[in-house]
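Since the structure comes first, as structure tokens, the remarks are kept for the end.
The values are calculated or read from the model by the stated rules, or taken from the named source; none is laboratory data. These figures come from a predicted structure and were not determined experimentally. Cβ: placed from backbone, ideal geometry, glycine included. Neighbour counts: every protein chain shown. Heavy atoms of the whole protein, side chains included, go into the accessibility calculation; ligands, DNA and RNA do not. Shrake-Rupley method; radii C 1.70, N 1.55, O 1.52, S 1.80 Å.
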Amino acid sequence: MALSEWTRIFLVEAKGVLHGDTWNLEFDPSIRPNSLEPGWKEYIRTTSARFQCTQCRRTWPSNRVMVIFHMSLLHRNGRVKVRCFRQNCKNCTDAPMVNPSISAENITILMKNLVKKIRIKCYNENLDQGHYNHERLEVNNPHEPDHCEGCREGICNRE
């Protein structure tokens, strides 16, 4: 889904709860887990998504798609950098990593969780630490760590 759709969903979820500050969302494939610029906070979530190989066109679902958020609030201007971790095809030799296709429902759940985490980490609100669960896909094969960017970077969880 395009950045414009992620931004639209984020702004809907953030409306009225982020103290009237201006927030912007951007994709940034260069952000890394546990590697924050000064003043930035981190949030990592798992979601479900589908992938399609650009070589053989094979598709597969995954319930272990990692999404990392880096967020900062400075002078009433908030920024969120987002990186969705990719996977590659287990059937193709030297298959390129491909971006996940995350449903609008799961993007909404990610954004609800993100807004809650912003309220906790950037506004010091005392909210419960629970989160909204993403909609899981039917997956018939085990997770393939050798084909998962999140596993390669050491953040993929093994639910």
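Looking at Pro100, Pro96, can you tell me which residue is open to solvent by 40 Å² or more (accessible area, probe 1.4 Å) and closer than 15 Å to Glu149 by Cβ? Even if it seems obvious, please write down each step before you answer.
Working: Pro100 fails: open to solvent by 40 Å² or more (accessible area, probe 1.4 Å).
After applying the criteria, what remains is Pro96.
Within segment 61-82, is there a residue that is touching a residue at least 12 places away in the same chain (Cβ under 8 Å), in contact with a helix residue (DSSP H, G or I) (Cβ under 6 Å, 6 or more places away or on another chain) and of a type in the set (S, T, N, Q)?
no
Take Leu110 and decide whether it is assigned to a helix (DSSP H, G or I), in contact (Cβ under 8 Å) with a residue 60 or more places away in the chain, open to solvent by less than 90 Å² (accessible area, probe 1.4 Å) and under 16 Å from Arg50 (Cα atoms). If you could, list the steps in order and put the result at the bottom.
Values: assigned to a helix (DSSP H, G or I): yes; in contact (Cβ under 8 Å) with a residue 60 or more places away in the chain: yes; open to solvent by less than 90 Å² (accessible area, probe 1.4 Å): yes; under 16 Å from Arg50 (Cα atoms): yes.
Yes.
So which of Trp23, Trp40 ends up being touching a His at 6+ places or on another chain (Cβ under 8 Å) and among the aromatic types (Phe, Trp, Tyr)?
It is Trp40.
Would you confirm, using the coordinates I've provided, whether Met66 is farther than 26 Å from Asp146 by Cα, under 16 Å from the mean Cα position of the chain (by Cα) and either polar (S, T, N, Q) or open to solvent by less than 30 Å² (accessible area, probe 1.4 Å) (or both)?
Values: farther than 26 Å from Asp146 by Cα: no; under 16 Å from the mean Cα position of the chain (by Cα): yes; either polar (S, T, N, Q) or open to solvent by less than 30 Å² (accessible area, probe 1.4 Å) (or both): yes.
No, not satisfied.
So that you can scan it fast, the table gives a plain yes or no per residue for (1) open to solvent by less than 20 Å² (accessible area, probe 1.4 Å); (2) closer than 13 Å to Val115 by Cα; (3) out of contact with any Cys (no Cβ under 7 Å at 6 or more places or on another chain); (4) among the small types (Gly, Ala, Ser):
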position: Ile9; (1), (2), (3), (4): yes, yes, yes, no
position: Asn34; (1), (2), (3), (4): no, no, yes, no
position: Glu42; (1), (2), (3), (4): no, yes, yes, no
position: Gln55; (1), (2), (3), (4): no, no, no, no
position: Arg58; (1), (2), (3), (4): no, no, no, no
position: Met71; (1), (2), (3), (4): yes, yes, no, no
position: Arg79; (1), (2), (3), (4): no, yes, yes, no
